[in-house]
Amino acid sequence: MHELGVAFGRVLLAGDLVILTGPLGAGKTTFTRGIGEGLGVRGPVQSPTFVIARTHPSLVGGAPLVHVDAYRLADATEVEDLDLDFDGSVVVAEWGAGLVDARDSWVEVVIDRPVGGAHAGAELATDDPDEFAEAPVEPRTLTVTGHGQRWQNGVFA
């Protein structure tokens, strides 16, 4: 998820909006951490669950990353109250479907991961980072859909 996020971050520009959807533990924040690395922003990129939105300035003269966790937001008016710089930043919104996608263009990334089975919960099995590195990698399926003129030729075109 991280490496895909890095590649994705390298094609994003100021004004781009990315909506991430997926269950808990699907890799939304890991993907966003990769986007931040691809953009060259100051980190660490962590889940903004309790602060709702966190801005990471660019270290390379590019667009900052605004990382939004819209899980606790009730509707689009609460997103507007955040006064986010949609035009001057790359905005990545976890749980943002239906809340912040009413713009001219955006990319929707839906992450599916298996539930149950041998690998489910492996990342939660230990607090030891060395054991975590040895944990099996769960497969993910990503559906990436570009909306609007910016993405008419595809996201990775």
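The values are calculated or read from the model by the stated rules, or taken from the named source; none is laboratory data. Small disclaimer: the values here were computed from a predicted structure and weren't measured. FYI the Cβ positions are ideal-geometry reconstructions off the backbone, even for glycines, and counts take in every protein chain you see. Just the protein is used for accessible areas: all its heavy atoms, side chains included, with ligands, DNA and RNA removed. Shrake-Rupley method; radii C 1.70, N 1.55, O 1.52, S 1.80 Å.
Values as computed for the structure displayed
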read-out	value
All positions within region 49-74 that are in a loop (DSSP other than H, G, I, E, B), in contact (Cβ under 8 Å) with a residue 24 or more places away in the chain and either at negative phi or basic (Lys, Arg) (or both)	Gly62, Ala63, Pro64, Ala70, Tyr71, Leu73
Hits in region 1-48 - residues which are among the β-branched types (Val, Ile, Thr), in a helix (DSSP H, G or I) and in contact with a Ser or Thr (Cβ under 7 Å, 6 or more places away or on another chain)	Thr29
Criterion (in contact (Cβ under 8 Å) with a residue 60 or more places away in the chain and closer than 26 Å to Pro139 by Cβ) met by exactly one of Val100, Val109	Val109
Out of Gly38, Gly88, sole residue that is more than 19 Å from Phe156 (Cβ to Cβ), out of contact with any strand residue (DSSP E or B) (no Cβ under 7 Å at 6 or more places or on another chain) and open to solvent by 10 Å² or more (accessible area, probe 1.4 Å)	Gly88
Matching residues, region 96-115, being modelled with pLDDT of 85 or more, farther than 17 Å from Val155 by Cβ and part of a loop (DSSP other than H, G, I, E, B)	Arg113
Residue count, region 11-47 (criterion: in contact (Cβ under 8 Å) with a residue 24 or more places away in the chain and out of contact with any helix residue (DSSP H, G or I) (no Cβ under 9 Å at 6 or more places or on another chain))	7
Test: residue in region 32-48 that is touching a Phe, Trp or Tyr at 6+ places or on another chain (Cβ under 9 Å) and either within 16 Å of Ala70 (Cα to Cα) or among the polar types (S, T, N, Q) (or both)	no
Condition broken by Asp75, with the remaining ones in (1) surrounded by fewer than 17 Cβ atoms within 10 Å (Cβ to Cβ); (2) farther than 15 Å from Trp106 by Cα; (3) modelled with pLDDT of 90 or more; (4) not hydroxyl-bearing (Ser, Thr, Tyr) satisfied	(3)
Residue among Pro23, Pro48, Pro64, Pro44 that is modelled with pLDDT under 95, more than 20 Å from Thr143 (Cβ to Cβ) and in contact with an Asp or Glu (Cβ under 9 Å, 6 or more places away or on another chain)	Pro48
Identity of the residue in region 52-84, under 14 Å from the mean Cα position of the chain (by Cα) and among the aliphatic types (A, V, I, L, M), that ends up nearest to Pro23 (Cα to Cα)	Ala70
Matching residues, region 47-85, being over 25 Å from Leu24 (Cβ atoms) and touching a Lys or Arg at 6+ places or on another chain (Cβ under 7 Å)	Pro57, Leu59
Breaking point among (1) open to solvent by 30 Å² or more (accessible area, probe 1.4 Å); (2) modelled with pLDDT of 85 or more; (3) of a type in the set (Asp, Glu), for Asp81	(2)
